[in-house]
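To start, the structure under review is shown below, and the notes come after it.
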Amino acid sequence: MHADLAARRRLLVLAYQRYIEADRSWSVAIEEMRAWFPKESPTRLSSIGNPGSRIRALYERRAKAISQLEAARIKLEVGRQRLAVRAAVSKSRPILFIAATLD
């Protein structure tokens, strides 16, 4: 694998790990929040939380992780396309041989 692609792939893996951690934290917090209220409660709980709340902070951290994951995926794809174009151009270049006689 090309060094540039390897770096972009590492970034994608790191972004994915951050997303998984943020999603897990948010999901656990939502389940803990719902445990406080009866299941038959007629009102639906907001999954985002109030500004400044722990739930809101976890939700925003998860949203940021999602956007970073998407950006890393796009960067990897752009890098792959750039290398494919570069490889296609190098294959299509003709080799010029110059023959000269030195007297």
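Considered as a group, the residues in region 48-62 that are surrounded by 13 or more Cβ atoms within 10 Å (Cβ to Cβ) and part of a loop (DSSP other than H, G, I, E, B) include one that is modelled with the highest pLDDT, and that residue is Ser53.
Look at (1) without any contact (Cβ under 8 Å) to a residue 12 or more places away in the chain; (2) aromatic (Phe, Trp, Tyr); (3) in contact with a helix residue (DSSP H, G or I) (Cβ under 7 Å, 6 or more places away or on another chain) and you find that Trp26 fails only one, number (1).
Picking from Ala71, Ala63, which residue would you name as being more than 17 Å from Arg24 (Cα to Cα) and of a type in the set (Gly, Ala, Ser)? Steps first, answer last, please.
On the way: Ala63 fails: more than 17 Å from Arg24 (Cα to Cα).
Only one candidate qualifies: Ala71.
So, in region 63-82, exactly how many residues are among the aliphatic types (A, V, I, L, M) and either out of contact with any helix residue (DSSP H, G or I) (no Cβ under 8 Å at 6 or more places or on another chain) or not in a helix (DSSP H, G or I) (or both)? Counting residues in region 63-82 that are among the aliphatic types (A, V, I, L, M) and either out of contact with any helix residue (DSSP H, G or I) (no Cβ under 8 Å at 6 or more places or on another chain) or not in a helix (DSSP H, G or I) (or both) gives 3.
Please indicate, with yes or no, whether at least one residue in region 83-95 is assigned to a helix (DSSP H, G or I), among the hydrophobic types (A, V, I, L, M, F, W, C) and in contact with a His (Cβ under 8 Å, 6 or more places away or on another chain). Within region 83-95 (the criterion being assigned to a helix (DSSP H, G or I), among the hydrophobic types (A, V, I, L, M, F, W, C) and in contact with a His (Cβ under 8 Å, 6 or more places away or on another chain)), the answer is yes, since at least one residue qualifies.
Residue selection: Ile66 fails the criterion of being surrounded by 16 or more Cβ atoms within 10 Å (Cβ to Cβ) and aliphatic (A, V, I, L, M). Looking at region 9-24, can you tell me whether even one residue there is more than 19 Å from Ile66 (Cβ to Cβ), at pLDDT 80 or above and not basic (Lys, Arg)? Scanning region 9-24, I find no residue that is more than 19 Å from Ile66 (Cβ to Cβ), at pLDDT 80 or above and not basic (Lys, Arg), so the answer is no. The residues on offer are Ala100, Ala84, Ala65, and the sole one that is at pLDDT 90 or above and not acidic (Asp, Glu) is Ala65.
Arg86 falls short on exactly one of the conditions (1) loosely packed, with under 10 Cβ neighbours inside 10 Å; (2) farther than 30 Å from Asp23 by Cβ, and that condition is (1).
The values are calculated or read from the model by the stated rules, or taken from the named source; none is laboratory data. Just so we're clear, the structure is a prediction, and the values are computed from it rather than from any experiment. No Cβ is skipped: glycine too gets one built from the backbone with ideal geometry, and neighbour counts run over all protein chains shown.
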